[in-house]
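Here the structure is laid out as structure tokens; the discussion comes afterwards.
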Amino acid sequence: MVEVSTSILTMEKGAEAETILKLEKAKTDYFHIDVMDGKFVEKDTYNKMREYAEYIKRISNLPLDVHLMVEDIKNGIEDFSAVEPNIITFHLEACKNEEEVHKNINLIKKANAKVGISVKPNTKIEEVYKYLPYIHMVLVMTVEPGKGGQTLLIDMLNKIKTLRKHIEVQDLEIDIEADGGINLATHEKVKEAGANILVSGTAILKAVDYKVIIEELKA
Ligand code: DX5
Ligand code: ZN
């Protein structure tokens, strides 16, 4: 069953509380928290996303899906485990070696969160295979990380297909989350490719009725 994780990165200034409440009512499956440190990617949303996550924690029971686009992953896990997220995802490209990947995996497990590993468009999907037995989700970036409102990179569909096939052959239970440029024009192809969690920001936040768009993305 497909789930939707709404990215709150591009929430309208000054309307954040109202937007979050509307998303809560519209029953988004997760709130997708895009944490950027201004180093791994150009934008710095670190403190803003901590504020938003703490606010959501206070007013909603819906799960948080934290996407760390940061170089200092250990610090990010520590800071964001305070809001007890359901999932914490870090970027493979921000890890120096295999040992560091396993350290991050164990840190996230100690924080009682599910473990996600994310790969950027130019990273080969095979690079994540060796970690699959230890994690819960692979976040396949379908845009270059760093900002919302971009167009989905169609080549990423093959990457999702390849990963889904590998997971099936290996008989693993792993979620595939697709992130970036997902809207009413692209969601079908992304699901057919094998993603079962769809991140969407702009497409949902610009819709008149969040509930309708979330249901359409899931249909
Ligand atoms: C990009 C973020 C995505 C992005 C999705 O770096 O990881 O989550 O905010 O937003 P849309 O749906 O607008 O592409
Ligand atoms: Zn994201």
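Observations on the structure shown:
- Think of a 1.4 Å ball rolled over the protein heavy atoms: the chain then has 47 Å² of accessible area per residue.
- Highest-first packing order for the peptide set 1-8, 31-38, 101-108 is 31-38, 1-8, 101-108, based on the mean count of other beta carbon atoms within 10 Å.
- Across the stretch 17-140, the mean sequence separation of Cα contacts (distance under 8 Å, 6 or more residues apart), normalised by length, yields a relative contact order of 19 percent.
- Principal semi-axes of the equivalent ellipsoid, √(5λ) from the alpha carbon gyration tensor of the chain, are 24, 21, 15 Å from largest down.
- Lysine pair count for the stretch 15-59 (Cα-Cα distance under 18 Å; residues 8 or more apart in sequence or on different chains): 5.
- Cross-link partners of LYS165 among lysines, defined as those whose alpha carbon lies under 23 angstrom from its own and excluding same-chain residues fewer than eight positions apart: LYS114, LYS120, LYS124, LYS130, LYS189, LYS191, LYS218.
- Using a cutoff of 8 angstrom between alpha carbon atoms and counting only pairs six or more residues apart, the relative contact order for the chain works out to 22 percent.
- Placing +1 on the Cβ of every Lys and Arg and -1 on the Cβ of every Asp and Glu, with no other charges, gives the stretch 3-218 a dipole of roughly 140 debye about its Cα centre.
- Directionally averaged shadow of the stretch 62-170, computed from the convex hull of its alpha-carbon atoms, nm²: 7.2 nm²
The values are calculated or read from the model by the stated rules, or taken from the named source; none is laboratory data. What you are looking at is a predicted structure, and each value in this text was computed from that prediction instead of being measured. All Cβ positions, glycine included, derive from the backbone under ideal geometry; neighbour counts span all protein chains shown. Accessible surface areas use protein heavy atoms only, side chains included; no ligands, DNA or RNA. Shrake-Rupley method; radii C 1.70, N 1.55, O 1.52, S 1.80 Å.
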